[in-house]
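Everything below concerns the one structure shown next.
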Amino acid sequence: MYISLDPLDPGPLEPCINIMNKHAQQTDIDLSVTIAGIRLKNPVMAASGTCGYGEELALFLDLNCLGALVTKGVSLHPSQGNPPPRIVETPSGMLNAIGLQNVGLEEFATKKLPFLRQFQTPVIVNCYGKSTEEYTELCSRLSAIEGITGLEVNISCPNVKEGGICFGTDPARAHALVRAVRRVTGLPLIVKLSPNVTDIALIARSVEDAGADALSVTNTFTGMAVDIQTCRPKLANITGGLSGPAIRPLSLRMVWETVKAVSIPVIGLGGIMAAEDALQYLITGARAVQIGTALLVHPDAPLNIIAGIEEYMRARRCSSINDIIGCLKLP
Amino acid sequence: MVMKEETVLPRIHDAELLYNRAVAPGLFRMRVHCAAVARQAWPGQFIMLQVSDHTDPLLRRPFSLCGTDGETLEILYRVAGRGTSIMAAWKAQQAVHLIGPLGKGFSIPDGMKTAFLVAGGIGIAPLLFLLQHLDTQQQVTGKNIFLGGKTGDDIRVLEDFRPLPADIFIAAEDGAAGFHGLVTDLFTGHIEQHAHQYLHQAAIFSCGPLAMAQAVTAIAARYGLACQLSLEATMACGIGACLGCAVKTRPCAADDHAGAHERGSLAFQYKRVCAEGPVFNSRELVWEQE
């Protein structure tokens with residue numbers, strides 16, 4: 001693939017017009033937010049697993065427009081992922097069981113990260129392991145690599161050493177894991193929570209106590225679909241993670257419960273397709289949002305969402321996004 | 001190998017629908033005006049079509065291009081689910097939102113003189129586009145279409161594209177038209193008769209259901225013919241980002257990575273149908289039964 005950032009280079013990639021920066025210059029609306037010490041020029045991030053390592057998305061969207069980009073989950077060693085079928089569409093959503101296929105730390109650092117370093121956008125590396133030791137080694141090594149702004153630790157993974165019990169569904173296990181990771185990294189530490197829990201506030205507090213700088217709420221909801229002709233699950237993995245507009249009210253409720261429980265920033269995600277959806281999260285108290293499934297359908301969705309947030313603020317004569325964040329009025 | 005000379009990057013396009021008509025029961029031919037894609041697309045490439053302005057159905061649908069001219073492009077589709085049911089009601093002049101051109105198309109082997117295009121049902125679509133290209137290649141003197149279907153309706157679609165610059169062989173499993181049986185049996189018989197003429201200068205290009213693809217792969221292996229398969233897969237993004245459309249391939253030494261550390265040696269490697277495909281060399285694919 002050919003990508004050049006040199007404005008004089010007449011390469012085949014026509015530069016995407018940076019609408020957002022133009023707007024920012026013309027208006028005095030301040031969309032910037034700070035999360036875990038990372039300054040984002042706007043609160044709209046690309047969610048992990050829906051934008052790869054940026055290369056594909058860059059064909060449709062100037063990555064510099066994004067508040068931040070969260071990479072596809074990286075593990076210590078490369079991972080092949082699950083057998084197909086890995087995807088099934090559901091009402092206003094989709095189930096995926098990709099199985100965290102990824103190129104592994106080494107190839108990520110040498111072949112994928114250099115591309116992302118070309119942009120001014122903060123690069124947040126989503127990462128996961130199968131044991132506490134894998135998480136800590138991975139996070140420690142990522143912390144030594146230049147060009148990484150922060151880590152987003154996915155704790156919705158089974159711990160192979162504990163018989164596959166998920167780190168993220170048990171407050172004590174989540175706490176121990178985040179504490180261990182906290183010890184090995186000085187990078188801003190964002191923890192991505194699993195929604196597949198009874199009380200997300202409990203997990204959120206335990207992760208905050210363990211030293212997390214921010215929380216991403218939430219990951220996909222475990223779901224299932226069956227083909228009634230063959231009587232087989234539609235996914236080879238049987239179950240998968242539900243994402244898309246179908247989960248938006250569920251995720252929003254969890255963001256609400258989380259912001260009430262913790263004092264660290266919360267990043268809201270789940271089914272955001274348009275500015276109105278993003279605003280619901282921001283009003284509820286999320287300091288930023290991530291766009292996931294929408295990117296798969298409309299790779300340029302962040303542009304419309306950012307523009308829509310700005311339009312909303314202008315209509316309400318609001319100059320700072322911070323006036324919107326958490327402005328939820330309760331009965 | 002003759003391939004597309006330069007890599008054309010996909011874009012999001014707003015196009016205009018020119019026609020959308022049934023050519024057989026449940027089979028539609030749709031032409032849209034989209035010069036940017038029409039000028040640059042290569043046989044085997046596809047587009048992702050937005051089927052709803054709402055969130056349900058949510059995902060775009062992938063369709064192989066079945067032909068282009070300077071300004072317009074065409075797809076052929078079977079009404080099979082919610083997305084295609086919506087599309088079947090589309091009318092001329094309406095706006096169509098698509099991403100394309102996507103994927104890696106067919107490549108023409110050096111010195112190929114004879115091409116066998118073997119299709120099952122709607123799998124004829126990318127092969128019609130390939131035929132359009134082969135018709136401009138003087139060295140390709142033999143162009144043969146083998147089209148099979150369950151019923152006569154599956155084959156009737158071809159009538160809509162006649163005259164075609166190819167010898168046409170048809171098979172219907174219900175005996176309604178042409179050879180009574182599987183197109184792969186018809187094809188095997190043909191190859192057996194002419195094997196001596198075709199070695200080293202013929203290639204197979206195929207698109208169809210899994211069982212057909214496997215049978216064609218076996219024929220290609222038996223007669224030492226180059227064979228490329230265009231695969232169908234459920235896709236979420238179609239642009240290579242989500243890794244949803246994985247297909248099992250044999251690892252090649254050159255790009256040995258995923259899983260190598262885990263397993264010591266690599267039994268297979270997943271590739272993306274949308275990005276590394278949809279066209280694959282038949283020898284590259286690992287079938288589940290193996």
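The values are calculated or read from the model by the stated rules, or taken from the named source; none is laboratory data. These figures come from a predicted structure and were not determined experimentally. Cβ: placed from backbone, ideal geometry, glycine included. Neighbour counts: every protein chain shown.
Here are the numbers:
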| quantity | calculated |
| --- | --- |
| Candidate set from region A:67-81 (those that are surrounded by 21 or more Cβ atoms within 10 Å (Cβ to Cβ) and assigned to a loop (DSSP other than H, G, I, E, B)); member that is farthest from the other protein chains (Cβ to nearest Cβ) | A:GLY67 |
| Strands (runs of 3 or more DSSP E) within region A:93-203 that include 3 or more residues away from every other protein chain (no Cβ under 14 Å) | A:123-127, A:150-154, A:189-192 |
| Answer from B:ALA236, B:ALA258 - the residue that is within 14 Å of chain A (Cβ to nearest Cβ) and modelled with pLDDT of 95 or more | B:ALA236 |
| In region A:26-55, the residues that are part of a loop (DSSP other than H, G, I, E, B) and over 14 Å from the mean Cα position of the chain (by Cα) | A:THR27, A:ASP28, A:ILE29, A:LEU31, A:SER32, A:ALA36, A:GLY37, A:LYS41, A:ASN42, A:GLU55 |
| Hey, A:LEU303 within 13 Å of another protein chain (Cβ to nearest Cβ), in contact (Cβ under 8 Å) with a residue 40 or more places away in the chain and part of a strand (DSSP E or B) or not | no |
| Region A:209-222: number of residues that are closer than 30 Å to A:THR90 by Cβ and surrounded by fewer than 21 Cβ atoms within 10 Å (Cβ to Cβ) | 2 |
| A:GLY268 being within 14 Å of another protein chain (Cβ to nearest Cβ) and modelled with pLDDT of 95 or more | no |
| Within region B:190-212, considering residues that are in contact (Cβ under 8 Å) with a residue 40 or more places away in the chain and of a type in the set (Gly, Ala, Ser), the one farthest from B:PRO126 (Cα to Cα) | B:ALA202 |
| Within region A:44-99, tally of residues that are farther than 27 Å from A:PRO114 by Cα and hydroxyl-bearing (Ser, Thr, Tyr) | 2 |
| Residue check for A:THR34: within 13 Å of chain B (Cβ to nearest Cβ) and hydroxyl-bearing (Ser, Thr, Tyr) | no |
| Per-region count, region A:236-285, residues assigned to a loop (DSSP other than H, G, I, E, B) and not β-branched (Val, Ile, Thr) | 10 |
| Lone unmet requirement of (1) at pLDDT 95 or above; (2) hydroxyl-bearing (Ser, Thr, Tyr); (3) touching a helix residue (DSSP H, G or I) at 6+ places or on another chain (Cβ under 9 Å) for A:THR27 | (1) |
| Residue match in region A:307-324 (condition: in contact with a Gly (Cβ under 9 Å, 6 or more places away or on another chain), more than 14 Å from chain B (Cβ to nearest Cβ) and crowded, with 18+ Cβ neighbours inside 10 Å) | no |
| Boolean, A:GLY308 is assigned to a loop (DSSP other than H, G, I, E, B) and either of a type in the set (Gly, Ala, Ser) or in contact (Cβ under 8 Å) with a residue 24 or more places away in the chain (or both) | no |
| Yes/no for A:ASN196 being in contact (Cβ under 8 Å) with a residue 60 or more places away in the chain and of a type in the set (S, T, N, Q) | no |
| Subset of region B:53-69 (residues that are within 20 Å of B:THR136 (Cα to Cα) and more than 11 Å from the chain's Cα centre (by Cα)) | B:GLY67, B:THR68, B:ASP69 |
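Conditions (1) touching a strand residue (DSSP E or B) at 6+ places or on another chain (Cβ under 8 Å); (2) modelled with pLDDT under 95; (3) among the hydroxyl-bearing types (Ser, Thr, Tyr); (4) under 30 Å from B:GLN201 (Cβ atoms), marked per residue:
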{"position": "B:SER64", "(1), (2), (3), (4)": "yes, no, yes, yes"}
{"position": "B:THR72", "(1), (2), (3), (4)": "yes, no, yes, no"}
{"position": "B:ILE75", "(1), (2), (3), (4)": "yes, no, no, no"}
{"position": "B:GLY83", "(1), (2), (3), (4)": "yes, no, no, no"}
{"position": "B:ALA88", "(1), (2), (3), (4)": "yes, no, no, no"}
{"position": "B:VAL96", "(1), (2), (3), (4)": "yes, no, no, no"}
{"position": "B:MET112", "(1), (2), (3), (4)": "yes, yes, no, yes"}
{"position": "B:PRO126", "(1), (2), (3), (4)": "yes, no, no, yes"}
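Every residue, every condition in (1) within 20 Å of A:GLY168 (Cα to Cα); (2) at pLDDT below 95; (3) polar (S, T, N, Q); (4) over 20 Å from the mean Cα position of the chain (by Cα), yes or no:
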residue: A:ASP213; (1), (2), (3), (4): yes, no, no, no
residue: A:ARG232; (1), (2), (3), (4): no, no, no, yes
residue: A:PRO249; (1), (2), (3), (4): no, no, no, no
residue: A:TRP256; (1), (2), (3), (4): yes, no, no, no
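Yes/no matrix, rows are residues, columns are (1) modelled with pLDDT under 95; (2) in contact with a helix residue (DSSP H, G or I) (Cβ under 8 Å, 6 or more places away or on another chain); (3) surrounded by fewer than 18 Cβ atoms within 10 Å (Cβ to Cβ):
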position: A:LEU105; (1), (2), (3): no, yes, no
position: A:PHE108; (1), (2), (3): no, no, no
position: A:PRO114; (1), (2), (3): no, no, yes
position: A:ARG117; (1), (2), (3): no, no, yes
position: A:THR136; (1), (2), (3): no, yes, no
